[in-house]
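The values are calculated or read from the model by the stated rules, or taken from the named source; none is laboratory data. What you are looking at is a predicted structure, and each value in this text was computed from that prediction instead of being measured. Reconstructed Cβ throughout: ideal geometry from the backbone, glycine too, with neighbour counts over all protein chains shown.
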Amino acid sequence: METKVYKQKDDNLKELAEILKAGGLVAIPTETVYGLAADGLNPEAVKKIFTAKNRPMDNPLILHIFEIDQIYDLVENLDPVYADILSKLWPGPLTVILKKSSLIPDEVSAGLDTVAIRMPDKKLTRDLISLAGSPLAAPSANISGRPSPTSAKAVLADMNGRIEAILDGGDSKIGIESTVLDLSVSPVKILRPGYYTQEILEEYFGQVDLDLALKDKDQTPKSPGQKYKHYSPRAKVVVFMGDDDKVVNEIKKISQDQENIGIMVFEDQVHKFPESEKVISMGSKDDLSEMAHMLFESFRDMDEKQVETILVQGVEEKGFGLSIMNRLNKAAGNNIKYII
């Protein structure tokens, strides 16, 4: 199979919609990461996602919609209060878990009685969903376990020959996956942290709990993309936590003792290392949006440079930092070093 890359044109959207209607796979851009989409109400098409990604079938998928009214056919008894809140937060990087309707194939929900749904912020993608005439099931468009793709180039690196097409919508703006919020329980609960933090969501929902798996590494996560080792480059990842100076000194020491090391630190620490293409600035520690935006792409870049180990300066696990550390924990297989 030849994987074709399509640019942003109306005629291309119509052609891509026909591929989806015929049960094919199309990688789609969103504001978070690129997704690997199939007709979410077609069980045979959905199965192809798992095959293309080498994804376990017990890992549920997220359905993407183009307008909020679509949700009423997909879930049972949506609380009007939640509908009003979603009208304020959507389109955007928020996935919600609700009791599913009979329309949802078990292949999408992994046999659960709930379904994950979101409305992406990227209008190009919502236009494609509308033309396809069905919600699109779409996990990240990467081989399972690899860093999520934030560009069409990254998708092609993993999916070339595995899927019919890629819609090139430019680089993803946010760079990490959506927040997953379980609305099927009370109080509502964050299953996967993302751009919408606990503090932001509490402004809308009142009390918002964190899934135990986000606080206790021995708990089994319930969210898509959280159950297995994930986001991992081929290189070994080690994350360092603690005082900035002590962390950087430890990273310097290790990098001097070992060869073929990649380093990812904040911009105010980069000058402490010899100038090298294997030393990457992650932006300002005071604004973590740049680190999130470039995290997965930096992992892929390190793989291209064939480094053996990546040493990463971690961040405090609060606010958006919790979302970033969630991805780093997964990428490192919980290989976190606390420097005191």
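Determine whether the range 154-169 contains at least one residue that is in the same structural domain as Leu89 (by TED's automatic domain parsing), of a type outside the set (Asp, Glu), in contact with a His (Cβ under 9 Å, 6 or more places away or on another chain) and in a loop (DSSP other than H, G, I, E, B).
No, because not a single residue in the range 154-169 is in the same structural domain as Leu89 (by TED's automatic domain parsing), of a type outside the set (Asp, Glu), in contact with a His (Cβ under 9 Å, 6 or more places away or on another chain) and in a loop (DSSP other than H, G, I, E, B).
Collect the residues in the range 1-56 that are touching a strand residue (DSSP E or B) at 6+ places or on another chain (Cβ under 7 Å) and on the phi > 0 side of the Ramachandran plot, keeping them in residue-number order.
Gly23
Tell me whether the range 77-90 contains one or more residues that are in contact with a Ser or Thr (Cβ under 8 Å, 6 or more places away or on another chain) and in the same structural domain as Asp39 (by TED's automatic domain parsing).
no
I'm trying to understand the selection: among the residues of the range 9-52, which are over 21 Å from the mean Cα position of the chain (by Cα) and among the acidic types (Asp, Glu)?
If the condition is that a residue be over 21 Å from the mean Cα position of the chain (by Cα) and among the acidic types (Asp, Glu), then Asp10, Asp11, Glu15, Glu18, Glu44 are the ones that fit.
Got a sec? Which strands (runs of 3 or more DSSP E) wholly within the range 1-108 have at least 2 residues that are of a type in the set (Gly, Ala, Ser)?
Ranges flagged: 35-39.
Determine which member of the set Ser289, Ser284, Ser298 is within 27 Å of Leu322 (Cβ to Cβ) and loosely packed, with under 14 Cβ neighbours inside 10 Å.
Residue meeting the stated conditions: Ser284.
Could you grab me the full set of residues in the range 18-34 that are touching a helix residue (DSSP H, G or I) at 6+ places or on another chain (Cβ under 8 Å) and either buried (at least 20 other Cβ atoms within 10 Å of the Cβ) or among the aromatic types (Phe, Trp, Tyr) (or both)?
Selection gives Leu20, Leu25, Val26, Ala27, Ile28, Pro29, Thr30, Val33, Tyr34.
Between a first residue in the range 230-257 that is aromatic (Phe, Trp, Tyr) and a second residue that is surrounded by 19 or more Cβ atoms within 10 Å (Cβ to Cβ) and assigned to a loop (DSSP other than H, G, I, E, B), which pairs have beta carbons less than 8 Å apart while being 6 or more apart in sequence or on different chains?
Between residues of the range 230-257 that are aromatic (Phe, Trp, Tyr) and residues that are surrounded by 19 or more Cβ atoms within 10 Å (Cβ to Cβ) and assigned to a loop (DSSP other than H, G, I, E, B), the close pairs are Tyr231/Arg146; Tyr231/Pro147; Tyr231/Ser148; Phe240/Gly314.
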